[in-house]
1. Averaging sequence separations of C-alpha pairs under 8 Å and six or more residues apart, then dividing by the length of the chain, give the relative contact order as a whole percent.
2. So, counting K/R as plus one and D/E as minus one, what does the shell of residues with Cβ under 14 Å around Leu10 add up to?
3. Rank Val28, Val76, Val59 by mean-square fluctuation in a GNM of the chain with C-alpha springs under 10 angstrom and give only the top-ranked residue.
4. In what order do Arg84, Arg50 fall by count of nearby beta-carbon atoms within 10 Å, going from fewest to most?
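What follows is calculated from the coordinates using simple rules that are stated; it is not laboratory data. As the structure is a prediction and not an experimental result, all values here were calculated from the model. All Cβ positions, even for glycine, are placed from backbone atoms using ideal geometry, and neighbour counts span all protein chains on display.
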Amino acid sequence: METLAIMVVLVIGSLAAGAVLRQSWTVVSIVPALRVATIVIVGIGLANSRGFWSIFAAVAASAACLQLGYLAGHTVGHTVRGLRRWRAPRGRE
């Protein structure tokens with residue numbers, strides 16, 4: 001049960017981090033973020049004596065969710081910009 005809670009926090013944090021990255025930087029910013037996330041996850045996994053597959057799954061989930069968060073941030077930002085430009089057509093009376 002503890003591992004599930006850790007993975008949920010990791011997934012939500014990665015999604016949020018990806019969305020924040022999209023709002024501020026370009027797609028190239030994902031590469032350093034993935035490197036930092038991998039180093040942190042491997043370090044924590046080794047410190048807690050987790051197995052290889054557990055660490056591998058955490059890194060894979062983090063990488064996927066970081067990219068999905070980036071995509072979600074792009075979609076939301078694009079939609080908001082489109083709604084700001086859109087104006088309801090005025091009816092002729």
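1. 45 percent
2. Numbers: positive: Arg50; negative: Glu2.
Once all neighbours under 14 Å are counted, the net charge is 0.
3. Most flexible of the set in this elastic network: Val28.
4. Arg84, Arg50
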